[in-house]
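Worksheet for the structure shown next.
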Amino acid sequence: MLKFVFWVLLGANGVLLAYGQGLLGQPADAAREPARLKNQLSPERMQQLTPTQARQAAASAAPAPQAEVAAPLPEPAPVPVPVARDLVACVQAGPFSTADARRFEARVARLGLAPRQSRIEIPFQEVTSRLVYLPPNGGREGAQRRVAELKERGVTNFFIMQNDTSPLRYAISLGVFKSDGAAQKLVADLQRQGVRGVRILPRGPQVTRAGYQYRQIDAAERDRLIGIADNYSGVTLTRCS
């Protein structure tokens, strides 16, 4: 029995050896390594690379990195356009008495307007009295009719002005007063008596007073000037040329 098993195993090994040597035909799909080498194209051109050459080949075969796309430059900020100020060509303040002019100049100096300020002289009537009168109407005959009306209403203090060169010729004077309050009181009394059309005429010598002109100032500066000028009696702020 043992001899039979020995010969069976020996025969099987012989068959396997013959098959491995190709004596029984080529293996399917060229599974053996020598056959695959024979089937390769130009095997003589193949060479084994060193580790350094392998790394260099891999680096050269790697795709080139894409160039970084430069980020778009930010748009420049718009340059602010200066807004033109609404300038007033010329403003005039006055008239000032000598004392008021000094005080006004001192207050305005804080506004920094000296380069645009100029002092001028303004014609001014120095009021020394107030004439209460009825204006001329119809010449001499008109004046006589008004006198008759005044008498009817109980007014006795009057006279007809007959100066040939005066624009008040044939006006009727009803009184002359130094203060405005006294002149206003007479006007009110005459109105209660039924007299209409009574006027007050300030009188006195023509003089000059100080005034100030300011050029190329803006609205805010003009408003500050108005605020200062309002503290002085008889002073106004007007446009000038």
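The values are calculated or read from the model by the stated rules, or taken from the named source; none is laboratory data. Model, not experiment: these values are computed from the prediction. All Cβ positions, even for glycine, are placed from backbone atoms using ideal geometry, and neighbour counts span all protein chains on display. For accessibility, only protein heavy atoms count, side chains too; no ligands or nucleic acids. Shrake-Rupley method; radii C 1.70, N 1.55, O 1.52, S 1.80 Å.
Quick rundown of the values:
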{"read-out": "Heavy-atom surface of the range 101-241, accessible at 1.4 Å and reported per residue (Å²)", "value": "62"}
{"read-out": "Expected-Rg normalisation [2.2 N^0.38 Å, Cα atoms] applied to the range 92-206", "value": "1.54"}
{"read-out": "Fraction of accessible area attributable to carbon and sulfur, the range 135-241 (%, probe 1.4 Å)", "value": "48"}
{"read-out": "Full-extension gain in nm, Lys178 to Ile226, via 0.36 nm per residue minus C-alpha separation", "value": "14.3 nm"}
{"read-out": "Rough spin-label spacing in nm, given labels placed 7 Å along Cα→Cβ, for Ala188 and Arg107", "value": "3.0"}
{"read-out": "Amide H contacts under 5 Å for Phe124, placed H, 5+ residues apart", "value": "Val207, Thr208, Arg209"}
{"read-out": "Percent of alpha-carbon pairs separated by more than 19 Å within the range 173-236", "value": "57"}
{"read-out": "Rough spin-label spacing in nm, given labels placed 7 Å along Cα→Cβ, for Leu73 and Ile122", "value": "5.9"}
{"read-out": "Length-normalised contact order for the range 110-190 - Cα pairs under 8 Å, 6+ apart - percent", "value": "36"}
{"read-out": "Highest to lowest packing among 125-135, 146-156, scored as the average C-beta count within 10 Å", "value": "125-135, 146-156"}
